[in-house]
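Working notes, structure below.
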Amino acid sequence: MRRGPSLFVLLAAAALQARMLLLVRRYAVNVLYYDQWNYYAPLFDGGTAWDFFSFQNGPVRQGVGFLAYKPLAELTAWDARAEGYASCAVVFAALLVALLLRRRLFGPLRWWDAVIPAVFLNPTLTGAYTYIPNPSHGPFPVLLVMLYCLAWCWRSRLRYAAVALLNFLLVYTTFGLLVGFITPPLLLLDARRAWRVGGAGPGPARAALAPLLALGASLLSLGAFFVGYRSDPAAACFHFPHERPLDYFGFAGMMFASFWRAGGAGRLAPLLGAPLVLLTAAVCARRAALLLLRDRGPARERDDARAGVVIVTLAGFSVLFAAGAAVGRVCVGLSEATSARYMPYVIPAALALYFELLTLKEGARGRAAGLAAFAAGAALMTAPLLGGGAAALEEARRGKEEWRRCYLETESVGGCDARSGFTIYETAAGPDDSVERRLDYLKRRRLSLYAGD
């Protein structure tokens with residue numbers, strides 16, 4: 001009976017993962033699409049491992065995800081569907097780390113912890129695996145954030161080395177960059193506490209040395225990221241400030257609402273999602289304040305330091321991403337906030353809210369109601385994709401299939417664009433022969449759509 005909850009949670013995770021893999025199988029098509037032509041540039045150019053790791057597309061670099069790209073491409077003849085399966089597997093690995101993190105912080109798993117698989121295996125992520133799959137954009141940052149939080153929970157002082165290393169990998173892996181701005185304050189707080197506590201032990205300087213060294217490494221990582229960096233906001237319409245500043249908040253609200261399956265893409269979505277954004281930001285701020293004052297607070301607040309660091313990291317990462325995406329993409333329209341590639345970045349926020357509930361004592365006021373509300377939201381997440389969500393996935397699948405079939409027959413990019421009513425790559429101005437040249441490259445080597453099924 002003691003193992004019952006753990007088995008139940010793992011079985012729920014396995015079942016939801018099986019469904020996700022079936023969704024990827026149904027909607028993924030073996031043809032490169034839009035940004036994938038850019039992501040594959042180091043492969044076309046025969047780049048080194050560092051070229052893959054530091055490759056910049058838009059405002060971020062690709063990081064560890066690209067180290068997985070090369071062997072994956074070589075094993076599958078550049079099959080674009082393989083990236084979808086790989087991305088799905090990476091998020092499942094992040095889920096397993098999250099379960100380990102939950103156990104490390106709060107003890108053995110309980111029945112209600114089945115909400116965690118529901119969060120990580122939300123069907124709204126399907127498009128992230130099938131539309132323009134990229135393990136670097138979403139899946140790997142989520143996995144690295146979970147490992148980063150787990151590293152903070154180590155009792156050994158080696159945790160600072162692990163935190164510094166994972167922080168470096170995050171800084172270079174797309175929007176994991178945002179953790180690079182969270183790490184220095186956390187390490188500074190830890191160094192301050194070590195200095196104070198060390199006064200009664202080995203000495204303040206020696207006690208604070210490890211977090212200070214990690215702090216220096218984190219600042220160097222952040223600085224190194226900007227060496228050779230170029231400004232590239234990705235959205236051609238980008239401008240700041242936006243003429244309607246409230247749209248920033250509406251964009252973030254719509255992103256959170258889409259993840260929680262509340263309001264769809266309608267006008268209610270920003271209103272339903274806005275409280276979730278505010279709640280996540282409030283939880284982050286509260287925990288940050290407790291960390292700042294933990295040496296002066298009650299003993300229980302001092303003991304909750306590990307949970308506090310984890311919650312601040314998870315909530316802060318999602319809120320920063322939502323804010324950054326709003327600033328960078330609001331000019332495209334509020335509907336852009338529902339993009340599937342943004343959904344993985346909301347996972348940490350949901351997990352932060354759940355962990356915040358678990359910090360409440362058994363029987364504490366509001367705990368049962370909060371867990372019940374969260375479970376209801378998680379149940380809503382597990383619902384099948386219906387209406388516009390499923391229709392958009394099917395439309396993309398059909399368009400890719402028709403374009404792929406047409407090109408294998410005619411080898412005319414423009415002709416297949418017209419015949420299928422679907423475009424696999426579009427430049428901002430004028431014709432561009434780069435896709436034709438790269439398609440010839442694929443043909444000569446029998447890769448991607450030329451590799452067959």
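Shown for the chain: the carbon plus sulfur share of the solvent-accessible area, taken with all protein chains present and a 1.4 angstrom probe, equals 63%. The phi torsions of segment 255-260, fed into the Karplus equation with coefficients 6.51, -1.76 and 1.60 and a -60° offset, translate into couplings of 4, 5, 5, 4, 5, 7 Hz, rounded to whole numbers, with Gly and Pro shown as x. When Lys and Arg each count +1 and Asp and Glu each count -1, what net charge do the other residues less than 15 Å away from residue 373, Cβ to Cβ, add up to? Every neighbour counted, the sum reads +2. 3J(HN,Hα) couplings calculated from phi for segment 365-380 with the Karplus curve 6.51 cos²θ - 1.76 cosθ + 1.60 (θ = phi - 60°) are, in sequence order, 4, x, 5, 5, 5, x, 5, 5, 5, 5, 4, 5, x, 5, 5, 5 Hz; Gly and Pro show x. Taking 4.7 Å between C-beta atoms as the pairing limit, the chain has these partnerless cysteines: 88, 149, 153, 284.
Given a 1.4 Å probe and the protein chains as shown, residue 11 ends up with an accessible area of around 120 Å².
In this structure residue 310 has an accessible area near 0 Å², from a 1.4 Å probe over the protein heavy atoms.
With R₀ set to 45 Å, the beta-carbon distance separating residue 451 from residue 368 gives a calculated FRET efficiency near 0.25.
Compute the FRET efficiency between residue 2 and residue 423 as 1/(1 + (r/R0)^6), taking r as their Cβ-Cβ distance and R0 = 56 Å, and round to the nearest 0.05. Don't jump to the answer; show the numbers that get you there.
Details: r = 56 Å, r/R0 = 1.00.
Computed FRET efficiency for residue 2 and residue 423 comes out at 0.50.
Ranking 111, 152 from most to least accessible surface, computed with a 1.4 Å probe over the protein chains only, gives 111, 152.
The accessible area of residue 209, taken with all protein chains in place and a 1.4 Å probe, comes to roughly 90 Å².
Take the alpha-carbon positions of segment 171-230, form their convex hull, and give its projected area averaged over all directions (one quarter of the hull surface) in nm². Write out the running numbers ahead of the final one.
Values: hull surface 16.3 nm².
Averaged projected area of segment 171-230's Cα convex hull equals 4.1 nm².
Leaving out ligands and nucleic acids, note down the accessible area per residue over the chain with a 1.4 angstrom probe, in whole Å². Roughly 44 Å² per residue, with all protein chains present. Mind checking segment 23-61 for chymotrypsin sites (Phe, Trp or Tyr not before Pro) that DSSP puts in a loop (not H, G, I, E or B) and that have at most 14 other Cβ atoms within 10 Å? Hits after loop and neighbour filter: 34.
Within segment 215-362, the proportion of Cα pairs with more than 25 Å between them is 40 percent. The order of 239, 137 by accessible area, most exposed first and with a 1.4 Å probe, is 239, 137. Share of Cα-Cα pairs in segment 344-449 beyond 19 Å, in percent? Everything past 19 Å amounts to 65 percent.
Here, P(r) means the percent of Cα pairs in each 10 Å bin from 0 to the largest distance; for segment 96-153 it is 20, 45, 28, 7. Shape class for segment 98-218: oblate, because the ratio a/c of the largest to smallest gyration tensor axis (alpha-carbon atoms, square roots of eigenvalues) is 1.5 or more and b/c is at least a/b. Taking label points 7 Å from Cα along the Cα-to-Cβ direction, residue 49 and residue 360 give a separation of 4.8 nm.
For 78, 195, give me the order by solvent-accessible area with a 1.4 Å probe, most accessible first, ignoring ligands, DNA and RNA.
The ordering from most to least exposed comes out as 195, 78.
The values are calculated or read from the model by the stated rules, or taken from the named source; none is laboratory data. Treat the numbers as computed from the prediction; the structure is a model and nothing was measured. For neighbour counting, all protein chains shown are included, and Cβ atoms are generated from backbone atoms with ideal geometry for every residue, glycine included. SASA here: full protein model, heavy atoms, side chains in, ligands and nucleic acids out. Shrake-Rupley method; radii C 1.70, N 1.55, O 1.52, S 1.80 Å.
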